[in-house]
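Only one structure is covered here, and it is reproduced in the block below.
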Amino acid sequence: MAGLLLAVPDLIALDLPALADAAGYPGTRVIPAVSWLLPLLALKLTATRRVSHVDDLLADPAPALLAGLPILPEKTALTDYSYRLSHGHQRRLLAALDKKMIAAGLAASSEAIFGLGFHAVMHWGEDPAPEKHYVPTRSQRTRPVLTFFAQDTGTRNLVYASAGLTKATRAREAIAFCGHWKAVSGTDPKMLIMDQKVTTQAIPGELDERGVKFAALRMRSPSLMRHIKALAPADYTTVALSRPGPRNRPKVHEDPAETLTSYPGTIRQLAVTGLGRDAPTVIITNDQEIRTKALIGHYARRMTIGQRLAEIIRAFCAGALSSAVNLNADLDVVLCVLAQALPAAFRLRLPGNYAHAAPGTLQRRFPGTPGEITNDGTGITVKINRRAYSPVLRHATLPDNTAVPWWGGRHLRFQFA
């Protein structure tokens with residue numbers, strides 16, 4: 001897997017050693033903190049589903065070289081290390097990482113519009129500790145590990161993650177993210193786009209106090225559906241959306257002063273038909289100034305954002321929790337944020353139409369590429385084998401000579417057949 005070392009220049013650009021120091025991750029007498037994180041990161045970048053599958057990488061020198069180790073730690077060592085880390089470690093890593101992502105253009109601090117959502121990681125063990133939550137992909141209530149993600153709508157990159165949420169704490173994750181983003185960028189998010197299930201009706205009142213706008217999908221209760229069905233065709237107006245396809249002229253009915261049971265004040269509600277769903281889409285927002293067309297456009301962008309989030313979860317195995325040899329789920333989801341930042345940065349180095357390439361596409365084409373690794377004592381030369389996408393790598397803006405801090409300053413050079 002010589003292609004795995006293509007991630008090294010972007011790890012240095014994000015300054016992984018400084019991120020680990022800022023997070024306060026502990027090391028050991030033999031293995032520094034960075035060399036504990038990189039084996040776990042290698043599992044993500046190679047789409048290895050579980051930490052127990054690290055044995056699949058032991059015979060390959062590239063993952064160990066990425067970590068600056070002679071051989072990767074065993075699965076029990078990686079698991080034990082993950083449980084040495086607290087929630088505070090992950091929060092500090094995310095804060096330092098987001099600052100680097102903003103500086104590198106991987107997160108758009110100026111637009112600051114984010115999509116929020118939960119993801120249930122299935123739990124297969126007998127441990128009764130996880131609470132029951134509804135899992136949409138299985139259409140049932142079960143005991144998963146509930147995780148939360150925030151995604152920048154401008155770049156479609158993850159910027160925040162948390163795990164182990166409970167019914168008592170899940171509703172306040174939107175507020176926790178606002179606090180995180182303000183600490184990182186100096187200002188609260190401009191808008192949050194989410195489903196109504198992300199939080200309770202009382203929490204948006206706190207968003208109002210912070211000056212944060214939100215747009216949420218409202219649950220279609222029987223009384224709400226009766227109200228919508230009673231509307232006449234003349235109650236709707238047609239909105240022309242700037243997007244290709246047959247569903248770019250939806251019909252919209254707007255209630256500018258709708259009330260909710262626990263929301264302090266009135267809210268703007270849009271009932272939208274013609275977006276490809278059988279039932280109307282109901283959008284609620286506290287933004288009274290945004291144009292209807294722009295608001296529906298934000299909702300349409302959320303659909304593509306949800307697709308990218310599903311791609312990230314699949315590519316970096318955020319849905320694979322093992323009961324036999326498990327990993328600290330809080331660390332696991334934060335590593336997903338870091339892992340997806342690397343292909344996002346790598347895309348910017350590639351010529352051609354790679355700006356919107358899915359993480360899984362980049363994984364298949366580049367990190368798994370075989371090659372020859374040569375160590376001359378002062379540096380490492382990686383010769384990537386010729387494949388169909390070799391011309392892309394030859395024209396990529398990769399540095400000619402990179403000093404790698406966790407290799408004792410040794411240099412990394414790439415050659416392409």
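Every number in this text was worked out from the coordinates using simple rules, so none of it is lab data. The structure displayed is predicted, hence computed values, not measured ones. Cβ placement follows ideal geometry from the backbone for every residue including glycine, while neighbour counts extend to all protein chains displayed.
Per residue, the convex hull spanned by the Cα atoms of segment 320-402 measures out at 155 cubic angstrom. In plain terms, the chain from ALA59 to ALA388 could stretch by 115.9 nm, reckoned as 0.36 nm per residue minus the Cα-Cα distance.
Rounded to the nearest angstrom and listed largest first, the equivalent-ellipsoid semi-axes of the chain from its Cα gyration tensor are 42, 24, 19.
Over segment 218-304, the ratio between the Cα radius of gyration and 2.2 N^0.38 Å evaluates to 1.07. Ranked by the mean number of other Cβ atoms within 10 Å of their residues, highest first, the peptides 352-363, 88-99, 12-23 fall in the order 88-99, 12-23, 352-363. Within the chain, which whole H helices from DSSP have a Cα span along their axis of at least 30 Å and a mean Kyte-Doolittle hydropathy of 0.0 or more, if any? Qualifying helices, which must be both long enough and hydrophobic enough, are 329-349. Hydrodynamic analysis of segment 153-304 uses the Kirkwood radius over alpha carbon pairs. Inserted into Stokes-Einstein at 20 °C and 1.002 mPa s, it gives a translational diffusion coefficient of 128 µm²/s.
Using θ = phi - 60° in the Karplus curve 6.51 cos²θ - 1.76 cosθ + 1.60, the 3J(HN,Hα) couplings for segment 352-369 round to x, 8, 10, 4, 10, 5, 5, x, x, 5, 5, 4, 5, 8, 10, x, x, 5 Hz; x is entered for Gly and Pro.
Roughly speaking, what is the centre-to-centre gap between segment 271-294 and segment 24-40 when only Cα atoms are used, to the nearest Å? Comparing the Cα centres of segment 271-294 and segment 24-40, I get a distance of 48 Å. Across segment 262-269, computed HN-Hα scalar couplings (Karplus, 6.51 cos²θ - 1.76 cosθ + 1.60, θ = phi - 60°) run 10, 8, x, x, 9, 9, 8, 10 Hz from first to last residue, x flagging Gly and Pro. Summing charges over neighbours of THR361, with a neighbour being any other residue whose Cβ is under 11 Å away from its Cβ, gives +2 when K and R count +1 and D and E count -1. Anything over 32 Å Cα to Cα? Flag those among LYS99/LYS167; LYS132/LYS293; LYS167/LYS213, in the order listed. Exceeds cut-off: LYS132/LYS293. For segment 163-218, the mean projected area of the C-alpha convex hull, equal to one quarter of the hull surface, is 4.0 nm². Each residue of segment 54-60 was assigned a 3J(HN,Hα) from its phi angle through the Karplus expression (A = 6.51, B = -1.76, C = 1.60, θ = phi - 60°), giving 4, 4, 5, 9, 5, 7, 9 Hz with x at Gly and Pro. The antiparallel fraction among DSSP beta bridges confined to the chain stands at about 75%. Need one number for segment 1-94: average projected area of the convex hull over its C-alpha atoms, nm². Its average projected convex-hull area is 5.8 nm².
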